[in-house]
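Read through the structure below, which is laid out as structure tokens, and then see the notes.
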Amino acid sequence: MTKQVVIVGGGVIGLLTAFNLASEVEHVVLCDRGELGQESSWAGGGIVSPLYPWRYSPAVTALAHWSQDFYPQLGQRLFASTGVDPEVHTTGLYWLDLDDEAEALAWAAREGRPLSAVDITAAYDAVPVLGSGFQRAVYMAGVANVRNPRLVKSLKAALQAMSNVSIREYCEITGFSREGERINGVQTTKGIIHGDSVVLTAGAWSGDLLSTLGLDLPVEPVKGQMILYKCAADFLPSMVLAKGRYAIPRRDGHILVGSTLEHAGYDKTPTDEALESLKASAVELLPALAGAIPIAHWAGLRPGSPEGIPYIGQVPEHQGLWLNCGHYRNGLVLAPASCQLFADLLLGREPVIDPAPYAPAGRLASL
Ligand SMILES: Cc1cc2nc3c(=O)[nH]c(=O)nc-3n(C[C@H](O)[C@H](O)[C@H](O)COP(=O)(O)OP(=O)(O)OC[C@H]3O[C@@H](n4cnc5c(N)ncnc54)[C@H](O)[C@@H]3O)c2cc1C
């Protein structure tokens with residue numbers, strides 16, 4: 001049995017990795033340089049689907065489908081055990097005036113997903129607050145959103161209740177501890193923490209950490225800004241999406257509108273330009289928001305990776321070192337499957353999904 005696993009980074013991926021491993025290994029140490037779950041996993045919108053699922057590779061689709069089916073039970077289990085409800089809210093999603101509607105419908109037929117073209121009047125009947133002038137709509141029933149700040153809070157509470165999990169907040173990892181090429185722990189601002197296995201789940205910062213070993217992991221920060229409104233609980237019955245911008249209703253009437261896609265390094269400052277642009281999108285989608293003042297505006301850093309395909313598995317050059325990172329725009333939806341697959345690989349179990357597309361082997365270069 002693996003004795004101690006050290007997990008580097010406590011976003012949704014690190015939290016769920018710890019949660020899955022805690023019942024299978026002797027001891028789990030989860031480190032974050034800040035508080036758990038306050039980076040991208042807090043900042044995201046929480047749509048439990050890629051924004052345009054038909055535009056992704058089968059590798060992303062496989063993880064997304066497994067996770068979508070799993071989310072309701074994960075939410076219920078976490079709520080029951082912690083009292084913090086991640087609020088998996090199934091609203092369905094309307095795409096409006098898609099350029100690639102035919103591709104979307106062909107994908108849905110192929111994948112057996114409940115996505116279909118609907119008459120635009122039916123969309124207006126279902127979502128009376130929708131802005132005028134849209135010509136076409138595609139609807140997928142069953143799509144949910146998860147209240148991600150509560151998801152990470154409930155995962156943290158679940159881990160705090162596990163006696164074999166140590167949480168180290170404000171503990172920055174600065175590099176790896178090695179015995180030859182084998183990784184046997186991490187160097188931190190508070191000393192070395194040893195482990196039989198080290199898992200890198202540091203989101204947008206994962207590439208920086210791997211570079212300390214001379215390896216080039218193409219994961220880079222992609223800034224996303226979002227705004228929040230508070231409306232009546234029944235204001236918006238479905239998620240709606242047009243021209244890359246979306247509105248997400250929470251159960252209590254909070255409406256998130258996102259998001260921007262910016263390559264700005266590690267800068268997380270919200271900008272006036274993005275605020276104005278997001279407000280314009282909000283009003284185009286939901287004209288009743290004209291004049292409403294957003295109650296919050298923030299930015300987060302997505303862990304951008306080529307084609308959004310995460311890295312899940314062992315680093316071949318360094319025994320003992322594992323990756324679960326690079327989930328780009330879809331880390332919330334992909335988390336359950338990614339972390340289940342990860343646990344299967346680490347523990348040598350039959351994997352739930354073919355692990356080949358996510359394997360780090362062959363996808364890392366030397367610096
Ligand atoms: C605006 C926006 C909207 C989004 N919308 C959605 C959506 O609707 N659906 C969806 O599925 N996804 C969405 N995403 C993407 C999703 O949020 C991310 O893919 C996901 O949160 C990544 O999780 P993570 O755990 O890998 O990274 P993070 O949540 O960023 O966690 C990484 C953690 O590592 C820690 N860390 C970093 N370096 C170190 C170090 N040296 N030592 C110790 N700790 C360290 C950080 O402090 C952080 O807590 C969105 C993202 C943004 C920004």
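The values are calculated or read from the model by the stated rules, or taken from the named source; none is laboratory data. Worth saying up front: this structure is predicted, and the values here are computed from it rather than measured. Please note: Cβ atoms are built from the backbone with ideal geometry, for glycine as well, and neighbour counts cover all protein chains shown.
Every residue in the stretch 311-334 that is touching a Pro at 6+ places or on another chain (Cβ under 8 Å) and near the ligand (Cβ under 9 Å from one of its atoms), please.
Listed by number, the residues that qualify are ASN324, CYS325, GLY326, HIS327, TYR328, ARG329, ASN330, GLY331, VAL333, LEU334.
Take the stretch 247-267 and flag every residue that is of a type in the set (A, V, I, L, M) and in a strand (DSSP E or B).
ALA247, ILE248, ILE255, LEU256, VAL257, listed by residue number.
Taking only the stretch 1-50 into account, find how many residues are assigned to a strand (DSSP E or B), within 7 Å of the ligand (Cβ to nearest atom) and out of contact with any helix residue (DSSP H, G or I) (no Cβ under 8 Å at 6 or more places or on another chain).
Qualifying residue count for the region: 1.
Just to be sure, is LEU236 on the phi < 0 side of the Ramachandran plot, modelled with pLDDT of 95 or more and within 11 Å of the ligand (Cβ to nearest atom)?
No: the conditions fail for LEU236.
If SER211 passes every condition in (1) out of contact with any His (no Cβ under 8 Å at 6 or more places or on another chain); (2) of a type in the set (S, T, N, Q); (3) surrounded by 14 or more Cβ atoms within 10 Å (Cβ to Cβ) but one, which one does it miss?
Every listed condition holds for SER211 apart from (3).
So which pairs qualify, if the first residue must be in the stretch 318-339 and among the aromatic types (Phe, Trp, Tyr), the second must be within 10 Å of the ligand (Cβ to nearest atom), the Cβ gap must be under 8 Å, and the two must be at least 6 apart or on different chains?
As it stands, the answer is TRP322/LEU200; TYR328/VAL222; TYR328/ARG302; TYR328/PRO303; TYR328/GLY304; TYR328/SER305; TYR328/GLY308; TYR328/PRO310, since those pairs meet every condition given.
Give the residue, chosen from PRO237, PRO218, that is more than 18 Å from the chain's Cα centre (by Cα) and in a loop (DSSP other than H, G, I, E, B).
PRO237
Looking at the stretch 245-262 only, could you name the residues that are away from the ligand (no atom under 13 Å from the Cβ) and surrounded by fewer than 21 Cβ atoms within 10 Å (Cβ to Cβ)?
Selection gives ARG251, ASP252, GLY253, HIS254.
Can you name the condition, by its number, that GLY203 falls short on among (1) touching an Asp or Glu at 6+ places or on another chain (Cβ under 7 Å); (2) at negative phi; (3) in contact (Cβ under 8 Å) with a residue 40 or more places away in the chain?
(2)
At least 2 residues that are in contact with a Cys (Cβ under 8 Å, 6 or more places away or on another chain), over 30 Å from LEU323 (Cβ atoms) and outside the structural domain of PRO287 (by TED's automatic domain parsing) in each: list the strands (runs of 3 or more DSSP E) lying fully within the stretch 83-184 that qualify.
Result: empty, no element qualifies.
What number goes with the only condition from (1) within 14 Å of the ligand (Cβ to nearest atom); (2) surrounded by fewer than 24 Cβ atoms within 10 Å (Cβ to Cβ) that PRO306 does not pass?
In the conditions (1) within 14 Å of the ligand (Cβ to nearest atom); (2) surrounded by fewer than 24 Cβ atoms within 10 Å (Cβ to Cβ), PRO306 misses (1) alone.
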